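FYI, it's all coordinate maths here, none of it is from the lab. What you see is a predicted model; the values in this text were computed from it and never measured. Using ideal geometry, Cβ is built from the backbone for each residue, glycine included, and neighbour counts are taken over all protein chains shown.
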Amino acid sequence: MDKVCEELYKIGIVPVIAIDDAKDAEPLARALIEGGLPAAEITFRTDAAEEAIRIISEKFPEMIVGAGTVLNKEQADRAKAAGAKFIVSPGFNRGNVEYIQSIGVSVVPGTATPGEVEQAIELGLDAVKFFPAEQNGGIAKIKAMAAPYGKMHFMPTGGVNKNNLNDYLSFDKVFCCGGSWMVKKDMIAAGKFDEIKDLVKDAVDTMLDFSLMHIGINSKDKAEADKAADLFCALFGFKKDVRSASSFAGDGIEVMNSMGRGTMGHIAIGTRSVDRAVYHLSGKGIEFDESTFQYDNAGHLKFAYLKDEIGGFAVHLIKK
């Protein structure tokens, strides 16, 4: 994927926005950023779209702002001039895609069939929109379509919401989702930007889905670790699981055979995507120890330690 799509992958959710009044662009962008989603697809379905893109791109250069529902060359030129970093279309128009490529803007054309995906591949693309997602068979169809096209990635849009978001994002060929449930048109028009910020934050929390996986307790040696693990098992009926560097008492307590990372031990936090978790936490000023990063076969993070301890415990993220 190109750099823009790689950035959208880390963000995870692209708010799809229809805006009627350009004056709402600045407070809306601020609400998106503060809520945790520095991205937006401003659809060209309203007269205010072009000016809204211009305002956001000028005042919030850190945002990945794009133009949606771009149907022709004239709209593509206007979108680029306004500062759009990517252009999205609802369907696959080969001439339009080729033109957008020629003007140097990242393009994510709409697809719904294998034939359209093959045309995208022929034009050198490895990221497309899948639209309308739910009406076209949802994640089941994406998985079926993706099977023959190992290098293609999809951005499902249309019917994606909080309840089905992770059904899509759990598939590794989905690089992000487009959705409007947190930025509904009537909320923008009513100036409910605090509510939008809260909905955006809730969407990010849903996507990352943090949960406690286990607590690791440091011990001076294996004998001390075995004694502690055996006691937890005897007291609470946990099953002991002996491993090379530690013993688990049930699923939630790991007793290390040595004084491992952290003054007192470590805490493992699970998340659906370590890549996205690192991105979003880094945006809040959290630093990571990159020497601890571990990757899966696809090159995605599966394990990462925070740089600093919390309450005497080292903290690491792990993919669920």
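Side notes on the structure shown:
- Near H214, the amide H atoms lying under 5 Å from its own belong to A268; only residues 5 or more places off or on other chains count, and H is placed 1.01 Å from N.
- Potential lengthening between E6 and E58 on full extension [0.36 nm per residue; Cα-Cα distance subtracted]: 16.5 nm
- Once the C-beta distance of D47 and T263 is scaled by a Förster radius of 56 Å, the resulting FRET efficiency is 0.40 to the nearest 0.05.
- The modelled label-to-label distance between F293 and I215, using points 7 Å beyond Cα along the C-beta direction, is 3.1 nm.
- For the chain, leaving out every one of the GluC sites (Glu not before Pro) that falls in a DSSP loop and has at most 14 other Cβ atoms within 10 Å, the longest unbroken run is 63-286.
- From the alpha carbon centroid of the stretch 81-129 to that of the stretch 1-80 is 17 Å.
- Potential lengthening between L71 and K227 on full extension [0.36 nm per residue; Cα-Cα distance subtracted]: 49.3 nm
- For the chain, built as a Gaussian network whose Cα springs stay under 10 Å, the top-fluctuating residue of V174, V242, V204: V242
- The stretch 183-226: C-alpha gyration tensor shape, a/c 1.5 cut-off, then a/b vs b/c: prolate
- Sites N163 and K302 - FRET efficiency at Förster radius 25 Å, r taken between beta-carbons, to 0.05: 0.45
- Between the stretch 277-304 and the stretch 224-269, the C-alpha centres lie 25 angstrom from each other.
- Sorted ascending by nearby beta carbons within 10 Å, beginning with the fewest, V14, V278 become V278, V14.
- Entries in K80/K151; K10/K201; K80/K129; K185/K284; K80/K185; K23/K284 that, when Cα-Cα distance is taken, lie over 22 Å: K80/K151; K185/K284; K80/K185; K23/K284
- Global form of the stretch 148-231, assessed from the alpha-carbon gyration tensor, a/c cut-off 1.5: oblate
- The long axis of helix 25-35 is offset from the longest Cα principal axis of the chain by roughly 10 degrees.
- Contour minus Cα-Cα distance for I310 and A147 (0.36 nm per residue): 54.4 nm
- Spin-label model distance (nm) - M187 vs I286, 7 Å beyond Cα toward Cβ: 2.3 nm
- Look at the Cα gyration tensor of the chain: its axes a ≥ b ≥ c give a/c of at least 1.5 with a/b over b/c, and that counts as prolate.
- Of all DSSP-defined beta bridges confined to the stretch 3-208, some 0% are antiparallel rather than parallel.
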